[in-house]
Amino acid sequence: MQNNIKRIEIITDAIYQSRLIKLLDDTGIPGYTIFKDVAGKGLKGEKDGHGLGSGFKNVYILIYCELELVKKLTDAVRPVIETFGGVCVVSDAHWIIHN
Amino acid sequence: MQNNIKRIEIITDAIYQSRLIKLLDDTGIPGYTIFKDVAGKGLKGEKDGHGLGSGFKNVYILIYCELELVKKLTDAVRPVIETFGGVCVVSDAHWIIHN
Amino acid sequence: MQNNIKRIEIITDAIYQSRLIKLLDDTGIPGYTIFKDVAGKGLKGEKDGHGLGSGFKNVYILIYCELELVKKLTDAVRPVIETFGGVCVVSDAHWIIHN
Amino acid sequence: MDLTQILHNFFAPPVPFFFIGMIAILLKSDLEIPDQISKFISMYLLMAIGFKGGVELHASGINREVALILIICSLMAGIIPIYCYRILRFKLDVPNAAALAAAFGSVSAVTFITAGNILDGAGIPYGGVMIAAMALMESPSIIIGVILYRKYNKKADHGFHLNFTELLREACLNGSIVVLLGSLMVGLASNEHGMKIMEPFTGGIFKGMLSFFLLDMGVIAGKRLGALKSAGWFLIGFGIFIPLLNAVIAIGLAYFLGLSPGNAFMFTVLFASASYVAVPAAMRVAIPDANPGIYVPVALAITFPFNIVVGLPLYYYLVQCIHA
Amino acid sequence: MDLTQILHNFFAPPVPFFFIGMIAILLKSDLEIPDQISKFISMYLLMAIGFKGGVELHASGINREVALILIICSLMAGIIPIYCYRILRFKLDVPNAAALAAAFGSVSAVTFITAGNILDGAGIPYGGVMIAAMALMESPSIIIGVILYRKYNKKADHGFHLNFTELLREACLNGSIVVLLGSLMVGLASNEHGMKIMEPFTGGIFKGMLSFFLLDMGVIAGKRLGALKSAGWFLIGFGIFIPLLNAVIAIGLAYFLGLSPGNAFMFTVLFASASYVAVPAAMRVAIPDANPGIYVPVALAITFPFNIVVGLPLYYYLVQCIHA
Amino acid sequence: MDLTQILHNFFAPPVPFFFIGMIAILLKSDLEIPDQISKFISMYLLMAIGFKGGVELHASGINREVALILIICSLMAGIIPIYCYRILRFKLDVPNAAALAAAFGSVSAVTFITAGNILDGAGIPYGGVMIAAMALMESPSIIIGVILYRKYNKKADHGFHLNFTELLREACLNGSIVVLLGSLMVGLASNEHGMKIMEPFTGGIFKGMLSFFLLDMGVIAGKRLGALKSAGWFLIGFGIFIPLLNAVIAIGLAYFLGLSPGNAFMFTVLFASASYVAVPAAMRVAIPDANPGIYVPVALAITFPFNIVVGLPLYYYLVQCIHA
Ligand SMILES: Nc1ncnc2c1ncn2[C@@H]1O[C@H](COP(=O)(O)O)[C@@H](O)[C@H]1O
Ligand SMILES: Nc1ncnc2c1ncn2[C@@H]1O[C@H](COP(=O)(O)O)[C@@H](O)[C@H]1O
Ligand SMILES: Nc1ncnc2c1ncn2[C@@H]1O[C@H](COP(=O)(O)O)[C@@H](O)[C@H]1O
Ligand code: NA
Ligand code: NA
Ligand code: NA
């Protein structure tokens, strides 16, 4: 199948979402998808999604992009993840339809 | 690992969800999973999830299916994505448990 | 790219979430991410997310883990999925950042 | 109070919203009440009704009649599933028969609340004990349902099995029961003053919130109607016949016990309604091989609307006749 | 009632919350009203206003004036989009012009409710018919918008096209209309008693809920303001000019029809406001190549605040002058 | 008013719901208040209390006492974190000590509202200024917390660092403060009439909404209790000792300033309570290497319940003694 792309997944505290999105926008990537109200567990303990503020919640961001952009993107995201915690994972995928 | 399958991801406007699901049902695929209240940015601008109607929201649909079904499925989805915008991406996966 | 990992996805009834999480915790996996309020369709019919209890809802759990853990994990999850329905799928991925 | 008066009560604010919701869905409107709002209003209704029940129980005190009603309701919540199971086994397999039987042993809180609303409209009092009885009817029906399933199910068990403690917790400590019993206890401990400061919340906006909730129930029931096509005539008949049968039993018992008209009516509604929230949730875990696509729609899309439209006026009428 | 009095009404509880929300966003506060709460309160407002309208229509009866108002409003909801479309075509392409024109044919329910709130504060009555008229103005504007689009759009059609039945359903059966018309009918069927038991919900907490909702509207409008930078001066001018034009037409018509001051004011608000929820949702499906990033912000971030701040007091003043 | 009377107030409607929630969770019930509903009710409470405070401030006017209270509260919100930090450093590292210290400088709005509710029950008035003071105490504690962290933290800084503008915005413009101050200002600008039309919303249903919210707080606190096992005795002791220490300071200051009993009590509650929503949210961003699994549970699962059960009656009793 032609049209290979990369699929980048970022999970971090919901509270840093707006900062992260700003960084993403600055890299010039054409699109991303955001899943809010995500719970989980990691090195920084459990995020059960409960509580008032977004203190115990994650955000999950999904980005499809060309291979060339991956480095630029992960370089932008790295300081946030390293300061605030979370994960960034990449895998392979293919465009089928992209309008 | 045996039991190769394809993993199809569709992201489009929440407002078209019911139409899209109907198309999927018509192809006879055995299952799909729907994530509502998804935000994002793409060619059609930002969907921040805010506002009253579902005007500024996306829906994310995940389908695991056999290789043979991929073409049938994407053919069904294509007119919706091409008319209304969004993306459709495929990647590889394996069944582990499917009851 | 170095740092190969596996990406495990589990989808089942929301009502079994706490049981499943307990099983996952017992395997000693370092992290997982939970998406609530997920709808879908499968062998057990449609889950439209409507209704009062979580009777007609799914939960989607995403786990990144080392290859070695996959078997232990799926063995733990198998009885739940086989009793209560749902799917478990694995695919390949790579760590980029993991703080 | 004659029939026109009764009918009028059914077209007064709360009830018609149920039909607006249902009809909208049948006409394929996109009307949808957000999920969390449904849960909020349902918890609100339980809190309000529980508190009111507690305050009334405080006024009436816990006497022999109260104890008797509680005991009989608990017993019947265990007995109803047994004969329902027998009937259902004509057409259904063991897990589905057991799960559906359990639903009929328990109560639909919204049907109960709507019934209370009709009594309010007619100025007829009923005791806070009926609300306590509602809370008590859930656990026995769940437990009997599971016992029936475990006794008659021949299929080999999978590795996953609830032990009795888990079952009991599922049966006695689900969120709805906690809110209902909790606020009943708060009401019981409150004096006049407590009642007065809570009134605008538990009383004032109650009918409006109930209207909103019934709109939502209409939407949900409308969405579940489709599942009945596959269910077939047997289940539709069952969903109408059992309420009637249980109502007759209840009215007889109520007469025998000498209950007041208000209590007799609410007593009848407890027997005649079926649970489509709490019991199904428990069944999901305890009887995983039963199909919620069967047991939820029967209770929600047949018995519930039947009770609202035909059942409540009919039971009311019968209770009135006997007490006249 | 003089200008200071009018101004004072605008700083009384509900309205200032809109500005608190908007200013907070402009200062980059993280203030955000949860999504499902927005929907709940918006449904609540429609239910409350619909019910009140029904009760008032019940009292007034359906006479010749009522029928006339309904007919004229429906007609104008179809005519306004036509001249808006002509004007918009100077700068916009066919799909965007048609979609935005449709929004101006219809009504902003919150503007309408805020206007009603001002009349309440001033003790001026208006008829329940105005609420029915609001419900009737949505469908014609959607249908005319789509007709304009289909007639003038030269681009080849994609495979996906709404047929007329689907279009009609989209135009007449969206959730907001169902709730509004449904509760209007319930109100119409209710007597004094029904009104009284619903009052704490539909009346008592109404201003508070409206305050909360306007806070949310301020937040949403604040977030959409950014989109106007790209929209440019033409659209900003359009979003201010059309309400004024429509208001003048409405005031003239109202005078001609001999409407009471309250009705004349609400009639003007129906014409002068633009829809940013229901019509855009329909446009999304029916005119997929129009950009919601254009038609939503014009109605929501220009016309809506303009009407709240300048429009309502102005229309009110003009109506008062004519009737003095 | 003697001790039994005081105790009775604590078993009147709102408070017991906290324990129902907490006990349900400890018994592993699945009781859960939906997320967005929590946020809605918490915004509602802030809006209602802010509005009421504004109306009262309007009545009392802004005099010397008012100004004095505001200044002292702001100062103390900066001073409390300093001595808390010193104490906490015995066992915690710099980031965690700074973050937890900041939480104690600020206020728990729910504790404050529950305290106000007790005064209402006892018919003792308190000034709207106390509500303004609550709003003012958040920013200083956040800023001092961050200054302590930046001054004493030796670890090399990562690339990500809030500049002072961002910090200030985080400290002064979070959603809760905006709603509280916004509605305080609306209340301040309202006259009698504005107060009356908002009353059913801000007053009537207030106790009921507070009950619902405390139920939720009980659930959340119950879920966070587990985290305390790892926290150990030092933090548990800290979460109890600091409220007592701060209360003594507050009662002394209040006596010295000649505050009325109502004001003195609320003043004490401001000092003795700790923030578990707004400050932790700011700390999350400003002190990312502190562990929210430490600072949230101390404020939420120790200090909050301690204040509700032991603190409020005790402070109330002490204030009464001094004023007798
Ligand atoms: N191995 C993992 N698999 C899936 N999700 C993870 C994993 N590790 C961390 N996460 C997610 O990332 C969030 C933040 O991670 P951390 O900062 O390590 O606590 C967690 O709450 C999880 O939702
Ligand atoms: N490159 C991308 N990566 C991830 N999500 C995307 C991407 N492009 C588009 N999307 C998602 O698809 C939605 C619709 O895309 P569009 O129609 O291009 O605006 C966006 O709002 C995003 O949520
Ligand atoms: N082929 C599939 N692709 C994506 N999701 C699926 C698939 N099969 C099942 N699911 C999801 O798993 C849930 C439970 O599956 P089941 O027990 O088969 O009904 C469904 O409601 C879907 O959300
Ligand atoms: Na029953
Ligand atoms: Na208009
Ligand atoms: Na404090």
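The values are calculated or read from the model by the stated rules, or taken from the named source; none is laboratory data. The shown structure was predicted, so the numbers you read here are calculated from the model rather than taken from an experiment. Methodologically, a virtual Cβ is constructed for each residue, glycine included, from the backbone with ideal geometry; neighbour enumeration extends over all protein chains shown. Areas reflect the complete protein model, heavy atoms only, side chains present, ligands, DNA and RNA absent. Shrake-Rupley method; radii C 1.70, N 1.55, O 1.52, S 1.80 Å.
Please turn the phi angles of the range E:312-324 into ³J(HN,Hα) values with the Karplus equation 6.51 cos²θ - 1.76 cosθ + 1.60 (θ = phi - 60°), one per residue in order, whole Hz, x for glycine and proline.
4, x, 5, 4, 4, 4, 4, 4, 4, 4, 5, 8, 7
For the range D:266-281, just list the computed ³J(HN,Hα) in residue order, Karplus coefficients 6.51, -1.76 and 1.60, θ = phi - 60°, integers in Hz, with x standing in for Gly and Pro.
5, 4, 4, 5, 4, 6, 7, 9, 10, 7, 10, 10, 5, 5, x, 4
Whole angstrom only: what separates the Cα centroid of the range F:98-124 from the Cα centroid of the range F:245-314?
6 Å
Probe 1.4 Å, all protein chains in place: accessible area of E:T165 in Å², nearest 10?
Accessible area, nearest 10 Å²: 100 Å².
Taking the Cα centre of chain E as origin, work out the dipole magnitude from +1 charges on Lys and Arg Cβ and -1 charges on Asp and Glu Cβ, in debye rounded to 20. Don't skip to the answer; put the middle values down first.
Working: 18 positive and 16 negative charges, 167 e Å.
In debye, rounded to 20, chain E gives about 800.
As I understand it, the value is the acute angle between the Cα axis of helix C:17-27 and the longest principal axis of the Cα atoms of chain C; what does it come to in degrees, rounded to 10?
Between the helix axis and the principal axis of chain C, the angle is about 20 degrees.
If a/c stays under 1.5 just call it rounded; otherwise compare a/b with b/c (prolate if a/b is bigger, oblate if not). Do that for chain F, with a ≥ b ≥ c from the square roots of the Cα gyration tensor eigenvalues.
Rounded shape, in that the Cα axes give a/c under 1.5.
Taking θ as phi - 60°, what are the ³J(HN,Hα) couplings along the range D:231-241 by the Karplus curve (6.51, -1.76, 1.60), each to the nearest whole Hz, with x for Gly and Pro?
3J(HN,Hα) across the range D:231-241, in whole Hz: 5, x, 5, 4, 5, 4, x, 4, x, 9, 5.
Set the Förster distance to 22 Å, then compute FRET efficiency between D:T165 and C:K72 from the Cβ-Cβ distance, nearest 0.05.
My answer for the efficiency is 0.20.
Leaving ligands, DNA and RNA out of it, rank B:F35, F:F241 by accessible area with a 1.4 Å probe, largest first. List each step's numbers first, then the result.
Details: B:F35 10, F:F241 105 Å².
My answer, sorted largest first, is F:F241, B:F35.
Report, for B:K22, each distance to the same residue's label point in the other copies, shortest first and in nm; define the point 7 Å along Cα→Cβ.
Counterpart label points of B:K22 in the remaining copies fall at 4.4, 4.4 nm.
Can you send over the solvent-accessible area of F:L244, 1.4 Å probe, protein chains only, in Å² to the nearest 10?
Rounded to the nearest 10, that gives 60 Å².
Let me spell out the model: positive unit charges on the Cβ of Lys and Arg, negative unit charges on the Cβ of Asp and Glu, origin at the Cα centre of the protein assembly as shown. What dipole size does that give, in debye rounded to 20?
Charge dipole of the protein assembly as shown: 1380 debye, to the nearest 20.
If you fit an axis through the alpha-carbon atoms of helix D:175-189 and take the longest principal axis of the Cα set of chain D, what angle between them do you get, 0 to 90°, nearest 10?
Approximately 30 degrees, to the nearest ten.
For the rotation that brings chain F onto chain E, whose beta-carbon in chain F is nearest the axis, and what is that distance in whole angstrom?
Smallest Cβ distance to the axis, with its residue: F:Q36, 3.
Per residue, how large is the accessible surface of chain E? Use a 1.4 angstrom probe and give square angstrom.
Here the per-residue accessible area is 35 Å².
So what is the accessible area of the range B:2-96 per residue, in Å², with the probe set to 1.4 Å?
With all protein chains present, the range B:2-96 gives 34 Å² per residue.
Can you find, among D:A254, B:L43, E:L214, the residue farthest towards the positive end of the dipole of the protein assembly as shown? Put +1 on the C-beta of Lys and Arg, -1 on that of Asp and Glu.
Toward the positive end, the furthest listed residue is B:L43.
Relative to a virtual label point 7 Å from the Cα of E:K154 in the Cα→beta-carbon direction, which members of the range E:91-117 show backbone nitrogen distances below 12 Å?
E:94
Which of the three applies to the range E:204-324, rounded, prolate or oblate, going by the alpha-carbon gyration tensor with a ≥ b ≥ c and a/c under 1.5 meaning rounded? Walk me through the intermediate numbers first.
On the way: a/c = 1.96, a/b = 1.50, b/c = 1.30.
Here the range E:204-324 falls in the prolate category.
For F:V248, place a label point 7 Å from Cα along the Cα-to-Cβ direction in every copy; what are the distances to the other copies, in nm, shortest first?
Ordered by increasing distance: 7.6, 7.6 nm.
Can you list, shortest first and in nm, the gaps between the label point of E:G61 and those of its counterparts in the other copies, using a point 7 Å from Cα in the C-beta direction?
Ordered by increasing distance: 5.7, 5.7 nm.
If you take the charge dipole of the protein assembly as shown about its Cα centre, with +1 on Lys and Arg Cβ and -1 on Asp and Glu Cβ, which of E:S29, E:S275, A:V89 is farthest toward its positive end?
Value computed over the given set: A:V89.
Once a ≥ b ≥ c are taken as the square roots of the eigenvalues of the Cα gyration tensor of chain A, is the result rounded (a/c under 1.5), prolate (a/b larger than b/c) or oblate (a/b not larger than b/c)?
prolate
Give me the angle, in degrees from 0 to 90, between the Cα long axis of helix A:67-84 and the longest principal axis of the Cα atoms of chain A, rounded to the nearest 10.
10 degrees
At a 1.4 Å probe radius, carbon and sulfur cover how many percent of the accessible area of the protein assembly as shown? List each step's numbers first, then the result.
On the way: 28350 of 44770 Å².
Ligands and nucleic acids excluded, carbon and sulfur reach 63 percent.
Using a simple charge model, +1 on the beta-carbon of Lys and Arg, -1 on the beta-carbon of Asp and Glu, nothing else, what dipole does the range D:1-138 show about its Cα centre, in debye to the nearest 20?
Magnitude of the dipole: close to 360 debye.
Cross-link list B:K44/E:K151; B:K22/B:K72; B:K71/C:K41; F:K52/F:K207; D:K52/F:K196; D:K52/D:K207: which exceed 18 angstrom alpha carbon to alpha carbon?
The pairs that break the limit, which is 18 Å between Cα atoms, are B:K44/E:K151; B:K71/C:K41; D:K52/F:K196.
With point charges of +1 on the Cβ of Lys and Arg and -1 on the Cβ of Asp and Glu, referenced to the Cα centre of the range C:2-96, which listed residue (C:L67, C:L23, C:N4) lies farthest in the positive direction of the dipole?
C:L23
For chain C, what relative contact order do you get, as a whole percent, if you take Cα pairs closer than 8 Å and at least 6 residues apart?
48 percent
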